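Undergrad: Sharing a structure with you now.
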Amino acid sequence: MSINVSSVGSARKAASDEPAVARLLRPGPNFGPLGHPGGKKARAYDNALASLSKLHILASSPVKLALNQTFKASLRHAIVGGGTSGSFGVPAESDGKHTPPSIETLDAYALERWETILHYMVSSGSGRFPARPSQGVLLLLQRSGLMTNMHGSGLQITSSGFQFLLHTPHTQLWELLLQYLHMAEERQMDLVEVLSFLFMLSTMELGREYSVEHLSSTQHAMLEDLRDYGIIWQRRATSRRFNPTRLATTLTSSAPPLPTAGNATGESQSQGFIVLETNYRIYAYTDNPLQTAVLNLFVTLKSRFPNLVVGAITRESVKKALANGITANQIISYLTAHAHPQMRKNKPLLPVTVQDQIRLWELEKNRMESREGYLYTEFASQADYEYVLEYAKKLDVVLWENSSRRCFFGSTEGHANIRGFIERRSAGNV
């Protein structure tokens, strides 16, 4: 396909009634409204063309814009789902033996698998023993740095894991999948096949069964892992068909990856369930144990009712959260994202006094910083002290100094040079 830039103006009206994608993919010389813009948009336009050329999407030409022929053919093939590759998956024929699972069943399955992972993380080290995910999931959590083996006592959540629990389900899902891609390379799986399958799942229809017949060996191996994450549902491990769950069909969209009505995460998850008062008291309208456990990371819980949890943000609860790697901004962001609809009528949404106090408690923690280094003291004279100090300052390794006591503290990186300088001066070579 070639686009003659000089002919754009005459073709603009004729092309206006045809979809742009169709014009790009149709064989032959097709012209479209791609004239070079002027003014402020010119730089963005040129940068976009340069990026497309680096990716070999556009062929290099000074007079016309032309799609790379390989890319053009592959894109057309993917969009129309042609051939045997099944870019949108191959729907399975009804076998007449089993009724396909309903969307409600798929939602419940995805929610159960996903919350099993999160429950295990948030309950580690608390003395509680929730359901244990599969060994593959535990390996993924460990390799991603969300959990670690503490002195052989089993997996414990890390500071990164606490931060992970405060993210949205969509962010959590992609964080695990990105780590899965790294592990796929180590397992010598075809990375292109892995990515193709994930994107294929995102284009599938929720509630429809798909055949595994046309999947590659790499994609067959992925089925077990994706079952453990709740991304796909299979009746049996050896089944010749599978169903994508909502976790799969929303991978590349902004729609929520977990069901938002009639379940444990329910309406409260999508609309918000937290009320925060100026006296630091929190009222969480939820009966979801996972949401309660996440709140317990930075809130002192005091009372629990069938659909209400009452607690307070205290200095001790915030310091506990900060020690586990959760920042003040993350706490405030979580409270903002899950604020009750009634709270959203307030401006600002969260009480300013509470926000400021949470940040002040964080500043208390960050007020003292520890650095490894060496203390240099007991100089024979003030001249010796100042001479060595001046040399250390030239190296930019002085962290603290006290002239009245003739001592200073230097970083570990500069110790070898300073010690050598002192030895040479003592030997009379400086």
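Undergrad: Please list, or write none, the lysines whose alpha carbon is within less than 24 Å of the alpha carbon of Lys319, excluding same-chain residues fewer than 8 places away.
TA: Lys302, Lys365
Undergrad: Using 0.36 nm per residue, how much length does the chain from Thr238 to Ser404 gain when fully extended, once their Cα-Cα distance is taken away? Can you show the working numbers first?
TA: Details: separation 166, 0.36 × 166 = 59.76 nm, distance 7.88 nm.
Taking Thr238 through Ser404 to full extension adds about 51.9 nm, to one decimal.
Undergrad: Any chance you could look up the accessible area of Lys365 with a 1.4 Å probe, heavy atoms only, rounded to 10 Å²?
TA: 110
Undergrad: For the pair Ala73 and Ala323, what calculated FRET efficiency results from E = 1/(1 + (r/R0)^6), where r is the Cβ-Cβ distance and R0 = 41 Å, to the nearest 0.05?
TA: According to the calculation, E is roughly 0.15.
Undergrad: State, as an integer percentage, the relative contact order of the range 103-251 based on alpha-carbon contacts under 8 Å between residues 6 or more apart.
TA: Normalised by residue count, the contact order of the range 103-251 is 27 percent.
Undergrad: Quick check: convex hull over the Cα atoms of the range 271-366, volume per residue in Å³, rounded to an integer?
TA: Dividing the Cα hull volume of the range 271-366 by its residues yields 86 Å³.
Undergrad: Among 50-56, 113-119, what's the highest-first ranking by average C-beta atoms within 10 angstrom per residue?
TA: Working: 50-56: 11.9, 113-119: 20.3.
Descending mean neighbour count gives 113-119, 50-56.
Undergrad: If you don't mind, another one. Let's see if you can work this out: charge +1 on each Lys and Arg Cβ, -1 on each Asp and Glu Cβ, no other charges. What is the dipole magnitude of the range 331-389 about its Cα centre, in debye to the nearest 20?
TA: 900
Undergrad: Between Arg187 and His167, what is the label-to-label distance in nm when each label sits 7 Å out along the Cα-to-Cβ direction?
TA: Using points 7 Å along Cα→Cβ, the separation is 1.9 nm.
Undergrad: For Lys72, go through the lysines and keep the ones whose alpha-carbon is under 28 Å away, minus same-chain ones fewer than eight residues off.
TA: Lys13, Lys41, Lys54, Lys64
Undergrad: Still on this structure, I have one more. What relative contact order, as a whole-number percentage, does the range 373-428 give when Cα pairs under 8 Å and 6 or more residues apart are counted?
TA: Relative contact order comes out at 42 percent.
Undergrad: At q = 0.18, 0.20, 0.30 Å⁻¹, work out log10 I(q)/I(0) for the range 373-428 with the Debye formula, treating every Cα as an identical point scatterer and leaving solvent out; two decimals please.
TA: -0.51, -0.63, -1.42
Undergrad: Another one. Hey, which aspartates and glutamates would be in cross-link range of Lys347, C-alpha to C-alpha under 20 Å, not counting anything within fewer than 8 residues on its own chain?
TA: Glu277, Asp356
Undergrad: Another question about this same structure. Quick one: how many Å² of Tyr283 are accessible to a 1.4 Å probe, rounded to 10?
TA: 50
Undergrad: How far apart, in nanometres, would the label points at Asn149 and Ser381 be if each is projected 7 angstrom from Cα along the Cα-to-Cβ direction?
TA: 6.0
Undergrad: Still on this structure: How much accessible surface does Arg227 have with a 1.4 Å probe, in Å² rounded to 10?
TA: 40
Undergrad: Separate question: Please compute the Cα-Cα pair-distance distribution of the range 129-264 with 10 Å bins starting at 0, giving whole percents from short to long.
TA: 11, 40, 36, 13, 1
Undergrad: Same structure again: If Val122, Val192 are ordered by their accessible area, calculated over protein heavy atoms with a 1.4 Å probe, which sequence runs from highest to lowest?
TA: Val192, Val122
Undergrad: Also, I was wondering about something else. Run through all the Cα pairs of the range 219-258 and give the fraction in each 5 Å bin from 0, expressed as whole percent.
TA: 6, 24, 33, 20, 11, 6, 1
Undergrad: Pairs of alpha-carbon atoms within less than 8 angstrom and 6+ residues apart define the contacts here; what relative contact order does the range 271-366 have, in percent?
TA: Numbers: 125 pairs, mean separation 31.8, N = 96.
It comes to 33 percent, rounded to a whole number.
Undergrad: For Cys407, enumerate residues with amide H under 5 Å from its amide H, sequence gap 5+ or separate chain, H modeled in the peptide plane.
TA: Asn402
Undergrad: Something else now. List every residue whose amide H lies under 5 Å from the amide H of Leu308, counting only residues 5 or more places away in sequence or on a different chain, with H placed 1.01 Å from N in the peptide plane.
TA: So Leu308 has HN proximity to Thr286.
Undergrad: Want the number for Val352 to Ser333: 0.36 nm per residue separation, take away the alpha-carbon distance, what's left?
TA: Separation in residues times 0.36 nm, less the Cα-Cα distance, equals 5.5 nm.
The values are calculated or read from the model by the stated rules, or taken from the named source; none is laboratory data. Since the structure is predicted, the reported quantities are computational estimates derived from the model, not experimental observations. When we count neighbours, we look across all protein chains shown, and the Cβ atoms used for this are built from the backbone with ideal geometry, even at glycine. Each accessible area value is taken on the protein alone, full model and side chains, heavy atoms only, with ligands, DNA and RNA left out. Shrake-Rupley method; radii C 1.70, N 1.55, O 1.52, S 1.80 Å.
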